[in-house]
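Working notes, beginning with the structure itself.
The values are calculated or read from the model by the stated rules, or taken from the named source; none is laboratory data. If you're wondering where the values come from, they're calculated on a predicted model, not measured in any experiment. Counting neighbours? That spans all protein chains shown, and the Cβs are built from the backbone with ideal geometry, glycine included.
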Amino acid sequence: MNDLINDLYQEIILDHGREPRNFGKCEPHNKSADGHNPLCGDNLKLTFLLNDQNIIEDIKFTGEGCAISLASASLMTEKLKGKKIEVAEEIFKDFTNLVSGSDEDLKVLNEEDSLYALKGVGRFPMRVKCATMAWHAFNQALKD
Amino acid sequence: MDDSKTFNLNVRKDFPILSKKILEKKDLIYFDTAASAQKPNTVINETNDFYKNHYSNVSRGVHTLSVESTFRYEDARKKVQKFLNARSENEIIFTKSATEGINLVAQTFYEKFMQKGDEVILSLIEHHSNLIPWFFLRDKYGVALKFANIQPSGEIDIDHFESLFTNKTKIVSLTHLSNVFGTELNEKAISICKDKNVPILLDGCQSAAHLKIDVQKLGCDFFVFSGHKTYGPAGIGVLYGTENLLSEMPPYQGGGGMIGDVSLEGASYAELPAKYEAGTPPLVEAHGLGIAIDYMNKIGLDNIIEHENEITKYAFNKLNEIDFIKIHGGDNKRNSIISFNIKNVHSHEVSSFLDVEGIAIRAGHHCCQPLMKHLGVNSTARLSFGVYNSLEEVDKLVIALHKCKEFFNK
Ligand SMILES: Cc1ncc(COP(=O)(O)O)c(C=O)c1O
């Protein structure tokens with residue numbers, strides 16, 4: 001099988017794509033945002049609860065999309081749950097760099113991270129938006 | 001070797017991009033002609049030659065190069081006129097794309113013939129290009145839009161379509177060939193418009209180059225297509241309109257080239273077709289489109305259509321046999337386009353997987369989100385064929401689709 005495809009679709013991606021974790025609506029929640037990829041129609045709804053210490057207590061999503069977008073959203077929720085907002089923002093920055101093909105100046109992510117599985121997306125520029133849809137929704141929710 | 005194979009081998013030599021290797025080793029199999037067609041050598045060389053040897057602005061000067069440029073631009077118009085069998089060159093307006101043609105009609109037809117509360121009939125299978133320009137009329141001027149339903153086959157439900165007409169219906173705009181299903185518009189839709197005396201625009205983006213077009217026989221009032229889908233350059237499109245309507249409608253954009261006489265108090269407008277061609281047009285692209293039409297004529301549109309029909313039918317039957325593939329639409333004839341989904345595999349995955357096998361297909365909503373919603377999917381995979389495709393390529397696709405299904409359901 002082609003290496004590029006194996007890199008893009010690592011086992012963990014296929015697994016999370018098929019069975020996304022934290023799938024549903026977070027209740028109660030105080031932050032939410034919609035993610036949308038106008039190029040293909042994929043979409044998701046992200047909800048999370050930010051407590052008074054600025055920690056993401058719980059985070060969930062629903063939506064429809066390809067394996068990359070679902071896995072990315074699923075892995076994102078796993079990674080962000082329990083994180084302080086400042087840390088989450090750093091992860092967001094690192095992640096967008098990672099999937100755009102540059103993993104040089106990462107501050108908080110490293111190769112041990114499950115999110116690293118999405119690095120293969122960098123070789124498929126048209127798929128970067130799939131991988132970042134949930135993250136942009138997250139970033140949007142913080143701004144709202 | 002049989003005829004069809006020889007035909008194909010000869011045609012393939014005309015398209016230099018077909019010798020490209022994808023990811024350095026896979027032969028390119030281009031199944032995305034509906035998005036944009038590849039270009040034959042003649043188009044590539046002739047547009048180059050235009051810049052090298054003949055280029056200047058059109059209709060502006062009297063020097064040699066201006067004459068040569070103008071000649072090529074106007075000659076392209078003649079070729080388009082013949083290609084569509086329009087009555088006169090005055091009915092051929094060069095635009096930048098089909099999209100611009102539809103916007104032009106929506107705006108100027110509204111200005112002349114419509115008012116608040118009037119109605120436009122569209123359908124559920126329209127490309128966003130044939131929706132949004134009309135949405136503008138709804139949002140800005142209070143025009144009402146009505147949408148014809150489709151049958152499970154993907155065809156417009158003619159009875160429903162007919163029931164939408166009222167005495168406020170001012171114009172109808174429908175796709176001539178669906179860019180999702182590949183099915184042709186039922187001619188009854190046009191005759192209903194004739195009976196009711198309501199002008200109809202046909203979005204011919206997918207039919208030009210894949211069906212024989214005769215606007216007079218079709219009886220449409222407007223017909224638009226894009227050069228880049230008919231083996232010509234991007235940046236040039238065509239609007240055909242009857243001389244009657246085009247004469248009555250006001251100009252679309254103002255600028256150089258579309259005027260009769262200008263003073264500071266006002267202006268008179270040029271005759272057709274210049275009236276609708278404000279500013280310097282995409283002249284080299286227009287010439288390129290003319291060359292693309294020459295190319296299709298040389299191969300023979302009948303031969304092209306026969307060849308594409310053979311491939312489409314072959315691919316349809318092959319895919320239809322595969323239990324994990326669902327083809328959208330019914331069993332009716334398709335013209336060079338097939339949309340499908342693989343069970344439990346998102347079309348993005350299919351497209352990325354095929355890409356590394358060298359196979360280019362389109363995945364997404366194909367700019368038809370209302371239709372996707374109706375089909376209950378958020379995207380499909382789409383195959384679309386051009387004159388250069390071969391049966392062998394379809395065989396390779398089928399093998400790749402099996403591999404794809406296996407990979408994602410392991
Ligand atoms: C049916 C249909 N209409 C309109 C368009 C828009 O064409 P263009 O973008 O060249 O204006 C397309 C192309 O995707 C199409 O398939």
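Listed values, structure above:
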{"quantity": "Residue within segment B:221-238 that is of a type in the set (Asp, Glu) and either under 15 Å from B:PHE94 (Cα atoms) or touching a residue at least 60 places away in the same chain (Cβ under 8 Å) (or both) present", "calculated": "no"}
{"quantity": "Any hit, segment B:348-365, residues being of a type in the set (D, E, K, R), on the phi < 0 side of the Ramachandran plot and without any contact (Cβ under 8 Å) to a residue 40 or more places away in the chain", "calculated": "no"}
{"quantity": "Criterion violated by A:SER32 - all others in (1) surrounded by fewer than 22 Cβ atoms within 10 Å (Cβ to Cβ); (2) within 14 Å of chain B (Cβ to nearest Cβ); (3) in contact with a strand residue (DSSP E or B) (Cβ under 6 Å, 6 or more places away or on another chain); (4) polar (S, T, N, Q) satisfied", "calculated": "(2)"}
{"quantity": "Inter-residue pairs, beta-carbon under 8 Å, first over 16 Å from B:ALA98 (Cα atoms) and among the basic types (Lys, Arg) and in segment B:112-139, second more than 15 Å from the ligand (Cβ to nearest atom) and assigned to a strand (DSSP E or B), 6+ apart", "calculated": "B:ARG138/B:ALA144; B:ARG138/B:LEU145"}
{"quantity": "Residue among B:VAL105, B:VAL180 that is in contact with a Cys (Cβ under 8 Å, 6 or more places away or on another chain) and in the same structural domain as B:MET249 (by TED's automatic domain parsing)", "calculated": "B:VAL180"}
{"quantity": "Verdict on A:GLY63 being surrounded by fewer than 16 Cβ atoms within 10 Å (Cβ to Cβ), within 29 Å of B:LYS410 (Cα to Cα) and in contact (Cβ under 8 Å) with a residue 12 or more places away in the chain", "calculated": "no"}
{"quantity": "Residues being out of contact with any Lys or Arg (no Cβ under 8 Å at 6 or more places or on another chain), more than 16 Å from the ligand (Cβ to nearest atom), within 22 Å of B:HIS228 (Cα to Cα) and in a helix (DSSP H, G or I) - total across segment B:82-126", "calculated": "4"}
{"quantity": "Scan of segment B:321-342 for residues that are in a loop (DSSP other than H, G, I, E, B) and either under 23 Å from B:ILE125 (Cα atoms) or not assigned by TED's automatic domain parsing to the domain that holds B:VAL398 (or both), ordered by number", "calculated": "B:HIS328, B:GLY329, B:GLY330, B:ASP331, B:ASN332, B:LYS333, B:ARG334, B:ASN335, B:SER336"}
{"quantity": "Flag if B:ASN197 is assigned by TED's automatic domain parsing to the domain that holds B:ILE293, out of contact with any strand residue (DSSP E or B) (no Cβ under 9 Å at 6 or more places or on another chain) and either within 16 Å of the ligand (Cβ to nearest atom) or on the phi < 0 side of the Ramachandran plot (or both)", "calculated": "no"}
{"quantity": "Selection from segment B:362-410 of residues that are of a type in the set (Lys, Arg) and either within 24 Å of B:LEU211 (Cα to Cα) or in a loop (DSSP other than H, G, I, E, B) (or both)", "calculated": "B:ARG362, B:ARG382, B:LYS410"}
{"quantity": "Only listed residue being away from the ligand (no atom under 11 Å from the Cβ) and at pLDDT 95 or above, chosen from B:GLY204, B:GLY219", "calculated": "B:GLY219"}
{"quantity": "Which numbered condition B:LYS373 fails, given (1) touching a residue at least 12 places away in the same chain (Cβ under 8 Å); (2) within 14 Å of chain A (Cβ to nearest Cβ); (3) not acidic (Asp, Glu)", "calculated": "(1)"}
{"quantity": "Neighbours by Cβ (under 6 Å, 6+ apart or cross-chain): first from segment B:1-24, in contact (Cβ under 8 Å) with a residue 40 or more places away in the chain; second outside any helix (DSSP H, G or I) and among the small types (Gly, Ala, Ser)", "calculated": "B:ASN8/B:SER390; B:ILE22/B:GLY358"}
{"quantity": "Checking B:ASP157 against (1) within 16 Å of the ligand (Cβ to nearest atom); (2) surrounded by fewer than 22 Cβ atoms within 10 Å (Cβ to Cβ), the condition it does not meet", "calculated": "(1)"}
{"quantity": "Lone qualifier among A:PHE23, A:PHE95, A:PHE48 - being among the aromatic types (Phe, Trp, Tyr) and in contact (Cβ under 8 Å) with a residue 60 or more places away in the chain", "calculated": "A:PHE48"}
{"quantity": "Test: residue in segment B:53-66 that is buried (at least 17 other Cβ atoms within 10 Å of the Cβ), β-branched (Val, Ile, Thr) and not in a loop (DSSP other than H, G, I, E, B)", "calculated": "no"}
{"quantity": "B:ILE304 vs. criteria touching a Ser or Thr at 6+ places or on another chain (Cβ under 6 Å), in contact (Cβ under 8 Å) with a residue 40 or more places away in the chain and within 28 Å of B:GLY241 (Cβ to Cβ)", "calculated": "no"}
{"quantity": "Filter result for the condition that a residue is out of contact with any His (no Cβ under 7 Å at 6 or more places or on another chain) and within 16 Å of the ligand (Cβ to nearest atom), over B:LEU174, B:LEU185", "calculated": "B:LEU174"}
{"quantity": "Selection status of A:GLU112, without any contact (Cβ under 8 Å) to a residue 24 or more places away in the chain and either among the charged types (D, E, K, R) or more than 14 Å from every other protein chain (Cβ to nearest Cβ) (or both)", "calculated": "yes"}
{"quantity": "The one condition in (1) touching a residue at least 60 places away in the same chain (Cβ under 8 Å); (2) within 14 Å of chain B (Cβ to nearest Cβ) that A:GLY41 fails to fulfil", "calculated": "(1)"}
{"quantity": "Failed condition for B:VAL398, given (1) away from the ligand (no atom under 16 Å from the Cβ); (2) crowded, with 18+ Cβ neighbours inside 10 Å; (3) modelled with pLDDT of 95 or more", "calculated": "(2)"}
{"quantity": "Single residue of B:ASP14, B:ASP27, B:ASP32 found to be more than 16 Å from the ligand (Cβ to nearest atom) and either closer than 20 Å to B:ASP294 by Cα or buried (at least 18 other Cβ atoms within 10 Å of the Cβ) (or both)", "calculated": "B:ASP14"}
{"quantity": "From the options A:LEU118, A:LEU75, A:LEU70, A:LEU106, residue that is part of a loop (DSSP other than H, G, I, E, B) and either buried (at least 16 other Cβ atoms within 10 Å of the Cβ) or within 14 Å of chain B (Cβ to nearest Cβ) (or both)", "calculated": "A:LEU106"}
{"quantity": "Whichever residue in segment B:183-205 is touching a helix residue (DSSP H, G or I) at 6+ places or on another chain (Cβ under 7 Å) and part of a loop (DSSP other than H, G, I, E, B) and, among such residues, is surrounded by the most Cβ atoms within 10 Å (Cβ to Cβ)", "calculated": "B:CYS205"}
